[in-house]
Ligand SMILES: NC(=O)c1ccc[n+]([C@@H]2O[C@H](COP(=O)([O-])OP(=O)(O)OC[C@H]3O[C@@H](n4cnc5c(N)ncnc54)[C@H](O)[C@@H]3O)[C@@H](O)[C@H]2O)c1
């Protein structure tokens, strides 16, 4: 079992964005003993409300105030996607470590600039919160693939499905075009699946063939604010808004080494709350994992009995066991994956900062955006499309 993580001199962290996921960051940081010192939101009034909810941290109404705060050495960006680029850039320029929510930015030109900027500041940590690879069982899959337990990898399949945008009365900033790829389900949840697939196989996705569908060409935007996962606007006052972002996407892919892959995403799948499903197949076996039963892994065999692994640190490879802080039968899940990613991020900061980071880097985040651009282009022309080189 990995020891609970403690840093002797943890950096002070400020959050940008106090909606759904910002407070999840705060909770995971606090479980690691890393202090949350302040929060920036759209304006000072809103930041003040969130700062109170976070236990009386400092509210900032402007990024300049956050950057000028001497107690802030690291910034977690949890604002809507189109704001990430400018905020990440300014934080790095001001000498802050940056952990940015996914996707890193909305164009590959932006992500290339961020990768370059991060490379010019090797003393700063620059990561993207692809947290799914920090479930210990997901890491176990990666470890088993890398040591050849499945033989040669042939294919990887799966899906990421939710139902919180099923109705035309469901509304959120995500359904609006970002002005770049204008991808929604693929960028929002598909990039988690693709990050995991690449992390487990150790291979990049090199080309894609995609099909995208918008089931609600018009949605009813409530008059007034809406919360992420906040439910339907129902019969309240609303305005009709034309929608072009996809509710559904299916993506076939080729990965390095000849591996074939396919997955679909849907945010209109009744009854599916937040389910990432992935199976990886090799010449010696297969593995199947469902994020809604995250402590369980099925290992398929031909010619002998299939295996079932229930997470317990004593049953995991060393790298996966280090990400598992509770004994078997004591469920670990979504908040733990955040905690483990942050432990990796702040562990790297506490180290000599010369080793290759284990957390998803800006380069990983940039690659995801380039895959998204290929997916959007493929859907438009109905043809296989190569992922561009950096
Ligand atoms: N890793 C994950 O599992 C995960 C889960 C959910 C969301 N996310 C990502 O986190 C980000 C935020 O998503 P969310 O669901 O929390 O959204 P949200 O709408 O619930 O919260 C966003 C917050 O940011 C504030 N905000 C808006 N514009 C801002 C700006 N320019 N500067 C500062 N604050 C601003 C809003 O007022 C709101 O409080 C997105 O990039 C999303 O993709 C990641």
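The values are calculated or read from the model by the stated rules, or taken from the named source; none is laboratory data. Remember, predicted model here, so these are calculated numbers, not experimental data. Note that we place each Cβ from the backbone using ideal geometry, even for glycine, and neighbour counts take in every protein chain shown.
Listed values, structure above:
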{"item": "Residue satisfying all of: in region 109-141; in contact with a strand residue (DSSP E or B) (Cβ under 6 Å, 6 or more places away or on another chain) and over 25 Å from residue 350 (Cα atoms); nearest to the ligand (Cβ to nearest atom) among these", "result": "137"}
{"item": "Test for residue 185: is it in contact with a strand residue (DSSP E or B) (Cβ under 6 Å, 6 or more places away or on another chain), crowded, with 21+ Cβ neighbours inside 10 Å and under 20 Å from residue 261 (Cβ atoms)", "result": "yes"}
{"item": "Within region 325-337, tally of residues that are over 15 Å from residue 292 (Cα atoms) and within 19 Å of the chain's Cα centre (by Cα)", "result": "0"}
{"item": "Filter result (under 15 Å from residue 66 (Cβ atoms), away from the ligand (no atom under 11 Å from the Cβ) and in a helix (DSSP H, G or I)) within region 16-38", "result": "26"}
{"item": "Lone qualifier among 327, 294 - being exposed (fewer than 14 other Cβ atoms within 10 Å of the Cβ), touching a helix residue (DSSP H, G or I) at 6+ places or on another chain (Cβ under 8 Å) and within 26 Å of residue 34 (Cα to Cα)", "result": "327"}
{"item": "Odd one out for residue 144, checked against (1) more than 16 Å from the ligand (Cβ to nearest atom); (2) in the same structural domain as residue 38 (by TED's automatic domain parsing); (3) in a helix (DSSP H, G or I)", "result": "(2)"}
{"item": "Verdict on residue 101 being over 30 Å from residue 306 (Cα atoms), surrounded by fewer than 21 Cβ atoms within 10 Å (Cβ to Cβ), within 12 Å of the ligand (Cβ to nearest atom) and under 20 Å from the mean Cα position of the chain (by Cα)", "result": "no"}
{"item": "Check on residue 380, free of Cβ contacts under 8 Å to residues at least 12 places away in the same chain, within 30 Å of residue 207 (Cα to Cα) and assigned to a helix (DSSP H, G or I)", "result": "yes"}
{"item": "Counted residues, region 39-98 - those being touching a residue at least 12 places away in the same chain (Cβ under 8 Å), in a loop (DSSP other than H, G, I, E, B), within 11 Å of the ligand (Cβ to nearest atom) and within 16 Å of residue 19 (Cα to Cα)", "result": "6"}
{"item": "Subset of region 180-232 (residues that are within 16 Å of the ligand (Cβ to nearest atom), part of a loop (DSSP other than H, G, I, E, B) and at pLDDT 95 or above)", "result": "180, 181, 182, 183, 184"}
{"item": "Verdict on residue 344 being part of a helix (DSSP H, G or I) and more than 24 Å from the chain's Cα centre (by Cα)", "result": "no"}
{"item": "Boolean, residue 337 is assigned to a loop (DSSP other than H, G, I, E, B) and touching a residue at least 24 places away in the same chain (Cβ under 8 Å)", "result": "no"}
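Table: residues versus (1) crowded, with 19+ Cβ neighbours inside 10 Å; (2) touching a helix residue (DSSP H, G or I) at 6+ places or on another chain (Cβ under 7 Å).
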site	(1), (2)
125	yes, yes
128	yes, yes
133	yes, yes
141	yes, yes
146	no, no
149	no, no
153	yes, yes
166	yes, no
